[in-house]
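Novice: What follows is a single structure, and I will ask about it in a moment.
The values are calculated or read from the model by the stated rules, or taken from the named source; none is laboratory data. Note that the coordinates shown come from a computational prediction; the quantities given were computed from them, not determined experimentally. Neighbour counts are summed over all protein chains in view; Cβ atoms, including those assigned to glycine, are modelled from backbone coordinates with ideal geometry. SASA here: full protein model, heavy atoms, side chains in, ligands and nucleic acids out. Shrake-Rupley method; radii C 1.70, N 1.55, O 1.52, S 1.80 Å.
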Amino acid sequence: MTGFLDAESYARAALTYLAEPGDVRLGALIRTRGARQVLDAIKAGDIAGAAAQRAMERWRVRLESIPSAEEVAGFCQSGIRLIHPGDPEWPGQLADLGDAQPYALWLRGIADLRFNCLRSVAIVGSRAATAYGSYVASEVAASVAARGWTVISGGAYGVDAAAHRGALGADGVTVAVLACGVDMPYPAGHRDLLDAIAAQGVIVSEWPPGWNATRLRFLVRNRVIAALATGTLVVEAGRRSGALNSARHARDLNRRLMAVPGPVTSDLSAGCHHIIREWQGVLVTSAAEVIEHLSPLGAPQEAREPAGAAESAGAGESAGAGESAGAGESAGAREGRARTGSRAAAVIDRDELAPETAAVLDALPARGGMGPARVAVRAGLDLRTVMRCLGVLAAGGFAERCDAGWRLRRT
């Protein structure tokens, strides 16, 4: 959503100000009555039922914090966008959260969230990671990203930061799910890292711009990390770690759950060993094993390399191998690799794009910007197809987001 705001979108945005995420009572009301009617009812103080009345009192306390539609549209003009169920970019797997699914999500970054979460792994762990944990997280993230998998994490110190940096170093796509507004550099020491994630992937939050993180919000946020990802990998975690909370959500959502073993004497590996022993998490030691476990029919062909190569290659080496491997691929296969955001996308020629993707590229302006709806009209395609193609073009380096929508990428 860029540059304009319909009534449903504004209602969804307003509800992110009124209620903390994961409020199942509000989620049930939205499901049965729609966001617009629920917002009107809260403003009017007209919701039946004693329990609903108590909840409404809690929501009404924040009525004065709701911005105007113009202010919300201003966020979108500044590079922040809002998505909600029904939008082309909305990840359908969030419906697995039931009435606890987000009312809407605020995003900052160039990547298409829905498309890039189709093949994704959440890599989480301790903020106080050891050198071993940081190394494993970075290496696994770089290797899976170079193979076209999106890396999802929470933007925190320790394992999260190592996973994001590993994916960025492999020119892959990474998603940071925050417990504060997408415009808030939290932690403060990660301002540059978060900007790099936005430039190459996407930052996600259920909280509106300008809102700060709290201890409870981190735990609430973890369910979204688990729901977005195909599977969750815990690299290091103590028995009382927040990463174990993410793993519990992944288990409850029937997502693939994995853990990296560590020394039996390390408190930071106790949570991983608990996941393997008590929650039937799969023990993994390499990116190839992660992909094999996440792929329905086993690892993709490019992942079936000797384990030593996957474990010893750095981010640059993994990406370089991907470039040479793509030399004999078909145009369709190469475009598929472009969608992943790996460095192999750089070898794709404009003439090798699929017809629909090429039509969207031809419709984009070189200057200014254009919203997806206008692009759809110019390209003669439906909006869902255009959103998919824009994700491909952004990952391939042909297009980029701007304040006014989308445009050809400037070199």
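Novice: In segment 242-270, what residues are within 19 Å of ILE152 (Cβ to Cβ) and either outside any helix (DSSP H, G or I) or more than 23 Å from the chain's Cα centre (by Cα) (or both)?
Specialist: LEU253, ASN254, ARG255, ARG256, LEU257, MET258, ALA259, VAL260
Novice: Among the residues of segment 47-87, which ones are among the β-branched types (Val, Ile, Thr) and under 23 Å from PRO372 (Cα atoms)?
Specialist: VAL72, ILE80, ILE83
Yes/no per residue for (1) more than 19 Å from LEU118 (Cα to Cα); (2) out of contact with any Asp or Glu (no Cβ under 9 Å at 6 or more places or on another chain); (3) of a type outside the set (Lys, Arg):
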{"site": "VAL175", "(1), (2), (3)": "no, yes, yes"}
{"site": "MET184", "(1), (2), (3)": "yes, yes, yes"}
{"site": "ILE197", "(1), (2), (3)": "no, yes, yes"}
{"site": "GLY201", "(1), (2), (3)": "no, yes, yes"}
{"site": "GLU206", "(1), (2), (3)": "yes, no, yes"}
{"site": "TRP211", "(1), (2), (3)": "yes, yes, yes"}
{"site": "ARG217", "(1), (2), (3)": "yes, no, no"}
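Novice: To continue, here is another question. Does any residue of segment 126-146 turn out to be modelled with pLDDT of 95 or more, under 13 Å from the mean Cα position of the chain (by Cα) and aliphatic (A, V, I, L, M)?
Specialist: Looking for residues that are modelled with pLDDT of 95 or more, under 13 Å from the mean Cα position of the chain (by Cα) and aliphatic (A, V, I, L, M), one finds none in segment 126-146, hence no.
This table checks each residue for (1) surrounded by fewer than 24 Cβ atoms within 10 Å (Cβ to Cβ); (2) within 30 Å of LEU39 (Cα to Cα); (3) small (Gly, Ala, Ser).
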position	(1), (2), (3)
TRP90	yes, yes, no
LEU94	yes, yes, no
GLY133	no, no, yes
VAL140	no, no, no
TRP149	no, no, no
CYS180	yes, yes, no
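Novice: Only one of these is in contact with a Leu (Cβ under 9 Å, 6 or more places away or on another chain) and surrounded by fewer than 22 Cβ atoms within 10 Å (Cβ to Cβ): LEU233, LEU193. Name it.
Specialist: Of the residues listed, the single one that is in contact with a Leu (Cβ under 9 Å, 6 or more places away or on another chain) and surrounded by fewer than 22 Cβ atoms within 10 Å (Cβ to Cβ) is LEU193.
Novice: Given the condition touching a Ser or Thr at 6+ places or on another chain (Cβ under 6 Å), crowded, with 18+ Cβ neighbours inside 10 Å and within 18 Å of SER134 (Cβ to Cβ), answer yes or no: does some residue in segment 207-221 qualify? Even if it seems obvious, please write down each step before you answer.
Specialist: To start, the set of residues in segment 207-221 that are touching a Ser or Thr at 6+ places or on another chain (Cβ under 6 Å) comprises 208.
Now narrow it down to the ones that are crowded, with 18+ Cβ neighbours inside 10 Å: 208.
Among the residues that remain, those that are also within 18 Å of SER134 (Cβ to Cβ) are: none.
Looking through segment 207-221, none of the residues is touching a Ser or Thr at 6+ places or on another chain (Cβ under 6 Å), crowded, with 18+ Cβ neighbours inside 10 Å and within 18 Å of SER134 (Cβ to Cβ).
Novice: So ALA145 clears everything in (1) under 26 Å from ARG217 (Cα atoms); (2) outside any loop (DSSP other than H, G, I, E, B); (3) touching a helix residue (DSSP H, G or I) at 6+ places or on another chain (Cβ under 7 Å); (4) not hydroxyl-bearing (Ser, Thr, Tyr) except one condition, right? Which one?
Specialist: (1)
Novice: Report yes if some residue within segment 146-163 is under 21 Å from ALA13 (Cβ atoms), of a type in the set (Gly, Ala, Ser) and in contact with a Leu (Cβ under 6 Å, 6 or more places away or on another chain); otherwise report no.
Specialist: Filtering segment 146-163 down to residues under 21 Å from ALA13 (Cβ atoms) leaves none.
Checking segment 146-163: not a single residue is under 21 Å from ALA13 (Cβ atoms), of a type in the set (Gly, Ala, Ser) and in contact with a Leu (Cβ under 6 Å, 6 or more places away or on another chain).
Novice: To continue, here is another question. Given the condition within 16 Å of the chain's Cα centre (by Cα), in a strand (DSSP E or B), modelled with pLDDT of 95 or more and hydrophobic (A, V, I, L, M, F, W, C), answer yes or no: does some residue in segment 153-171 qualify?
Specialist: no
Novice: Scanning for something in a helix (DSSP H, G or I), in contact with an Asp or Glu (Cβ under 7 Å, 6 or more places away or on another chain), under 21 Å from PHE218 (Cβ atoms) and open to solvent by 40 Å² or more (accessible area, probe 1.4 Å), does segment 58-80 turn up at least one residue?
Specialist: No: zero hits.
Novice: Within segment 38-52, track down each residue that is part of a helix (DSSP H, G or I) and surrounded by 12 or more Cβ atoms within 10 Å (Cβ to Cβ).
Specialist: VAL38, LEU39, ASP40, ALA41, ILE42, LYS43, ALA52
Novice: While we're looking at this one, here's another question. Give me the pairs, please: first residue somewhere in segment 8-20 and closer than 9 Å to LEU39 by Cβ, second residue anywhere and open to solvent by 10 Å² or more (accessible area, probe 1.4 Å) and among the β-branched types (Val, Ile, Thr), beta-carbon distance under 6 Å, and either six or more positions apart or on two chains.
Specialist: Note: pairs meeting the criteria are ALA14/ILE66.
Novice: I would also like to ask the following. Please list, ordered by first then second residue, the pairs with beta carbon atoms under 7 Å, 6 or more apart or interchain, first in segment 235-258 and more than 13 Å from ILE276 (Cα to Cα) and in contact (Cβ under 8 Å) with a residue 24 or more places away in the chain, second of a type in the set (D, E, K, R) and surrounded by fewer than 21 Cβ atoms within 10 Å (Cβ to Cβ).
Specialist: Listed pairs, sorted by first residue: GLY238/ASP267; LEU253/ASP96.
Novice: Please determine, by comparing only the residues of segment 73-99 that are within 15 Å of GLU206 (Cβ to Cβ) and over 16 Å from the mean Cα position of the chain (by Cα), which one is modelled with the lowest pLDDT.
Specialist: Among residues in segment 73-99 that are within 15 Å of GLU206 (Cβ to Cβ) and over 16 Å from the mean Cα position of the chain (by Cα), the one modelled with the lowest pLDDT is PHE75.
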